[in-house]
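Enquirer: This is the structure I want to talk about, given as structure tokens.
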Amino acid sequence: MDGNGTDKLCAPLPANPTISDVAERAGVSRAVASRALSDEQRPVSAEKKARVLQAAQELGFRPNLLARSLTTKSVNLVAVVVNHIHDLSDLDLFDPLLAAVQNMGKQVIFIRVGSSDRVESFLRTGVAYHVDAAIVFSDFADAATARTLFRSDQVLMLNGRHDDDSPAVIPDERVGIAEAMAHAARQGVKSAALVTGRLTSVLEQARIRLYHAALAAQGIRLTASLQGDYSYASGHKAGEELALTPRPDAIFCTSDAMAMGVLDRLRADFPQGRATTTRLYGFDNLSLTDFDAYPISSIGYDKQAYVAAVIAVLTGAATGPWPLTLPTRFHPRLTA
């Protein structure tokens, strides 16, 4: 009962409940209600916290993250910056990555850059995103640009374009590529074609150099080099070109999505997915390669370990030196 003899639990519920309404219904101060509904470390008794949570549920109260950010400087949002959504290697990471970020009490927003011109457009128009941190997959943005775009130093670079002021996580691709090339040599491969991704990517440039070095180390002759963009469509197009020429002993693709396109165009060379005269190698070790439709031999890293490294950076558990690296390994399947 309040001072006028009215039962607060029977009073009409407010249409747009505030933190003050929650505090009044729970019989606590506004400050206690705010702490009970936030991630603040200041103590609130279990009994008061339970009352506040029950009151918030009964009222249908939802915290205003933007309003909270004005005092806590946090909006509980993490930006994930990508080039395009057709990069299947990124898609394979997004589900475990989103789950891990949400377990931190934050949510993810995706920002599709598409091209370097788009980054410049963001900067020219003064568009910035208020987020707690940014995870940059896109190869069109360097670390300094990303910090400017988000007006924050909390930028994690996954594209190889980091600097001394930015944390970074990248795969160490040398071992995996060397293992795949040694496997090919043991199968008698003497000639090979290479299907590559975007040359604007710093990581792709390094990957291509590693392929060339591994080919030379095993004495395998490079007969063709075709450029794609990591997509299935670009791999299928490369398969069209390879279908018009004498087939090399092996085809190496720098993404599994491109290898899937090559495989579908050259299915006659791979009955039931099994290599006959030509062997096919991909990169990324996508989950799809574990199924019968695309049994592609591939190079990849442990996705869970990668996500764990990203979260360690975001939470401050990892402090460098940068970049953190994860080893890659070769995974043989029917196409090789």
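Enquirer: Please report the relative contact order for the chain, taking Cα pairs under 8 Å with a sequence separation of at least 6, and give it as a percent rounded to a whole number.
Expert: Numbers: 589 pairs, mean separation 46.7, N = 336.
That works out to 14 percent.
Enquirer: Can you compute the charge dipole magnitude of the chain about its Cα centre, using +1 on each Lys and Arg Cβ and -1 on each Asp and Glu Cβ, nothing else charged? Give it in debye, rounded to the nearest 20. All intermediate terms of the calculation are to be shown ahead of the outcome.
Expert: Working: 34 positive and 36 negative charges, 27 e Å.
The dipole of the chain has a size of about 120 debye.
Enquirer: With a probe of 1.4 Å, find how much accessible area the chain has per residue, and write the answer as a whole number in Å². Kindly include the intermediate steps, with their values, before the conclusion.
Expert: Numbers: 16560 Å² over 336 residues.
Heavy-atom SASA per residue in the chain reads 49 Å².
Enquirer: Which label marks the calculated value of Cα Rg over 2.2 N^0.38 Å, given the options (1) 1.30; (2) 1.00; (3) 1.07?
Expert: Checking each listed value against the structure points to (1).
Enquirer: Amide H neighbours of Val155 under 5 Å, counting only residues 5+ apart in sequence or on other chains, H built in-plane at 1.01 Å?
Expert: Ala134
Enquirer: Additional query: Karplus couplings for the range 190-207 from phi (6.51 cos²θ - 1.76 cosθ + 1.60, θ = phi - 60°), rounded to Hz, Gly and Pro as x?
Expert: For the range 190-207, the Karplus curve yields 10, 9, 8, 10, 10, 10, 10, x, 5, 6, 6, 7, 4, 5, 5, 4, 5, 5 Hz.
Enquirer: Non-local amide H neighbours of Asp172 (under 5 Å, H modeled in plane, Pro and chain starts lacking H): which ones?
Expert: For Asp172, whose amide H was placed from the backbone, the distant partners under 5 Å are Leu326, Thr328.
Enquirer: Could I have the simple spin-label model distance between Asp172 and His212, label points 7 Å from Cα toward Cβ, reported in nm to one decimal?
Expert: 2.4 nm
Enquirer: Under the Karplus relation 6.51 cos²θ - 1.76 cosθ + 1.60, θ = phi - 60°, what is the ordered set of whole-Hz ³J(HN,Hα) values for the range 172-189, x standing for Gly and Pro?
Expert: 3J(HN,Hα) across the range 172-189, in whole Hz: 8, 8, 4, 5, x, 5, 4, 5, 5, 5, 5, 4, 4, 4, 5, 7, x, 5.
Enquirer: Compare the Cα positions of Tyr294, Gln187, Ala143 along the charge dipole of the chain (+1 at Cβ of Lys, Arg; -1 at Cβ of Asp, Glu; about the Cα centre) and return the one farthest towards the positive end.
Expert: Most positive-ward Cα: Gln187.
Enquirer: Next up: For a quick check: with amide H placed at 1.01 Å from N, whose amide H comes under 5 Å from Arg279's, ignoring anything fewer than 5 positions away on the same chain?
Expert: Ala250, Ile251
Enquirer: Looking at the range 20-60, which GluC sites (Glu not before Pro) are DSSP coil and have at most 15 other C-beta atoms within 10 Å of their C-beta?
Expert: Numbers: sites: Glu24, Glu40, Glu47, Glu58; in loops: Glu40.
When the GluC sites (Glu not before Pro) of the range 20-60 are filtered for loop state and at most 15 Cβ neighbours within 10 Å, Glu40 remain.
Enquirer: Still on this structure: Could you give each residue of the range 313-330 its phi-based ³J(HN,Hα) in whole Hz, using Karplus coefficients 6.51, -1.76, 1.60 with θ = phi - 60°, and x for Gly or Pro?
Expert: 5, 5, 8, x, 5, 9, 10, x, x, 9, x, 6, 10, 10, x, 10, 9, 8
Enquirer: Grab the chain and count how many Lys pairs have their alpha-carbon atoms under 30 Å apart, sequence gap of 8 or more, or different chains.
Expert: 10
Enquirer: Per DSSP H run of at least 4 residues, take -39500 (n - 2.57); add these up for the chain, divide by its residues and hand me the 222 nm value, nearest 500 deg cm²/dmol.
Expert: Numbers: 12 runs with 135 residues, N = 336.
Here the helix-only value at 222 nm equals -12000 deg cm²/dmol.
The values are calculated or read from the model by the stated rules, or taken from the named source; none is laboratory data. Worth saying up front: this structure is predicted, and the values here are computed from it rather than measured. Cβ coordinates were reconstructed from backbone atoms using ideal geometry, including for glycine residues, and neighbour counts include every protein chain displayed. Accessible surface areas use protein heavy atoms only, side chains included; no ligands, DNA or RNA. Shrake-Rupley method; radii C 1.70, N 1.55, O 1.52, S 1.80 Å.
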